[in-house]
Amino acid sequence: MRANLLLMHYARSPFDCPVCEADRLTSMADARAGICTASGVAIDDIDPATGYDHSRRGYERVRASWVDLICQHGANEFHEIRDIAEVRSYWSEKRPEFTDGDDWLTEAFEAHRQFIAELGRPCRRSTCDIHFPVPTA
């Protein structure tokens, strides 16, 4: 709990001084790494520069979060689809073995279709590209 509070403190306190800002970012990375270590992430799966968890468990958690978000709310090319592409690109850069052949968007779209079908009503998000695709000429 204390580590999370410390991380939030560092995240909310940017500095104008470049040296101070570099120190703040390093402290944030150290705090993240500490949280990862305390939660059982192997040292080899922690990015030393950022402190982020790059383990298989971390990947699956991020992936599941995005699939769940799109499942419940649909997706739009200007928001979720763009954002999921950016996050997936990040993971492809860091851990390409996890993303090879893993299509988050297809699974998320299918989950949303199933979610709406189970609700028994039409999708109410007028900007949902799954149910209201942009017409092509």
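Within the chain, which cysteines find no other Cys whose Cβ is under 4.7 angstrom from their own?
If one checks each Cβ against the other cysteines of the chain, 36, 71, 123, 128 turn up with nothing under 4.7 Å.
Normalised by the empirical 2.2 N^0.38 Å for globular proteins, what value does the Cα Rg of the chain take? Before the final figure, lay out the partial values.
Details: Rg = 18.7 Å, N = 137, 2.2 N^0.38 = 14.3 Å.
Computed over Cα atoms of the chain, the ratio equals 1.31.
Please rank 13, 27, fewest neighbouring Cβ atoms within 10 Å first, as an exposure proxy. Spell out each step's value before the answer.
Values: 13 12, 27 16.
Going from sparsest to densest Cβ surroundings: 13, 27.
Just the number: Rg to Rh for the range 68-137, Cα atoms, Kirkwood Rh, two decimals. Display every interim value, and only then the final one.
Details: Rg = 13.4 Å, Rh = 13.0 Å.
Rg divided by Rh gives 1.03.
Quick check on the exposure proxy: order 6, 119 from fewest to most C-beta atoms within 10 angstrom.
Numbers: 6 16, 119 10.
If I rank by nearby Cβ atoms, fewest first, I get 119, 6.
Skipping prolines and chain starts, which residues have an amide H placed within reach, meaning under 5 Å, of the one on residue 54, given they are 5 or more residues away or on another chain?
Under 5 Å from the amide H of residue 54 lie the amide H atoms of 46, 47, each far enough along the sequence or on another chain.
Do me a favour and compute the ellipsoid semi-axes for the range 38-80 from its Cα gyration tensor, root of five times each eigenvalue, largest one first, whole Å.
Numbers: eigenvalues 151, 28, 8 Å².
Values for the range 38-80, descending: 28, 12, 6 Å.
Dipole of the chain, Cα-centred, from +1 at each Lys and Arg C-beta and -1 at each Asp and Glu C-beta, to the nearest 20 debye? Don't skip to the end; give the middle numbers.
On the way: 16 positive and 23 negative charges, 112 e Å.
So the magnitude is around 540 debye.
We did not get these values from a lab; they are worked out from the coordinates using the rules stated. For clarity, every value in this text was computed on a predicted model and none was experimentally measured. Please note: Cβ atoms are built from the backbone with ideal geometry, for glycine as well, and neighbour counts cover all protein chains shown.
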